[in-house]
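Q: Structure below; questions to follow.
The values are calculated or read from the model by the stated rules, or taken from the named source; none is laboratory data. All of these numbers come straight from a predicted model, not from anything done at the bench. Using ideal geometry, Cβ is built from the backbone for each residue, glycine included, and neighbour counts are taken over all protein chains shown. The protein model used for the area step is the full one, side chains on, heavy atoms only, and it has no ligands, DNA or RNA in it. Shrake-Rupley method; radii C 1.70, N 1.55, O 1.52, S 1.80 Å.
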Amino acid sequence: MITREGNGLVRVTGTAAIYCGMWVKCKARSNHICKLSGKAIIPGDEIYRPITNSVQRGHRVLAAKMEFYL
């Protein structure tokens, strides 16, 4: 489940597909692969990244894919 927690902040719970916790919206600064869709992320794309110091801190999700579930 994905719920909006504030401006540019979402909380992900109850899924094994991506990191469960808080995610923040930002612009990509380097190339990545979207954890939800597998599509390429390029610098400047709107994305969400997890707020964590765990191994998942490098995960990125395209904002359009994350917001589809809101």
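Q: What number of residues within region 1-18 satisfy the criterion of being part of a loop (DSSP other than H, G, I, E, B) and without any contact (Cβ under 8 Å) to a residue 12 or more places away in the chain? It would help to see each step written out before you state the result.
A: Taking region 1-18 as the starting set, the residues that turn out to be part of a loop (DSSP other than H, G, I, E, B) are 1, 7-8, 13-18.
Going one step further and asking which of them are without any contact (Cβ under 8 Å) to a residue 12 or more places away in the chain, we end up with 7, 16.
Count: 2.
Q: For region 1-47, name all the residues that are charged (D, E, K, R), modelled with pLDDT under 95 and open to solvent by less than 60 Å² (accessible area, probe 1.4 Å).
A: First, the residues of region 1-47 that are charged (D, E, K, R): 4-5, 11, 25, 27, 29, 35, 39, 45-46.
With modelled with pLDDT under 95 added as a condition, the list becomes 4-5, 11, 35.
Once the filter is applied, which keeps residues that are charged (D, E, K, R), modelled with pLDDT under 95 and open to solvent by less than 60 Å² (accessible area, probe 1.4 Å), region 1-47 yields nothing.
Q: Can I ask one more? Which condition number in (1) open to solvent by 50 Å² or more (accessible area, probe 1.4 Å); (2) at positive phi is the one that Gln56 fails?
A: (2)
Q: Considering only residues that are over 15 Å from Leu70 (Cβ atoms) and in contact with a Pro (Cβ under 9 Å, 6 or more places away or on another chain), which ones fall in region 21-57?
A: Hits for region 21-57 are Gly21, Lys27, Ala28, Arg29, Ser30, Asn31, Gln56, Arg57.
Q: What number of residues within region 19-38 satisfy the criterion of being in contact with a Leu (Cβ under 7 Å, 6 or more places away or on another chain), farther than 15 Å from Ile51 by Cα and in a strand (DSSP E or B)?
A: Number satisfying all stated conditions: 1.
Q: Within region 59-70, count every residue that is open to solvent by 50 Å² or more (accessible area, probe 1.4 Å) and part of a helix (DSSP H, G or I).
A: Going residue by residue through region 59-70, those that are open to solvent by 50 Å² or more (accessible area, probe 1.4 Å) are 64-65, 67-70.
Now narrow it down to the ones that are part of a helix (DSSP H, G or I): 64-65, 67-68.
Residues flagged as open to solvent by 50 Å² or more (accessible area, probe 1.4 Å) and part of a helix (DSSP H, G or I) within region 59-70 amount to 4.
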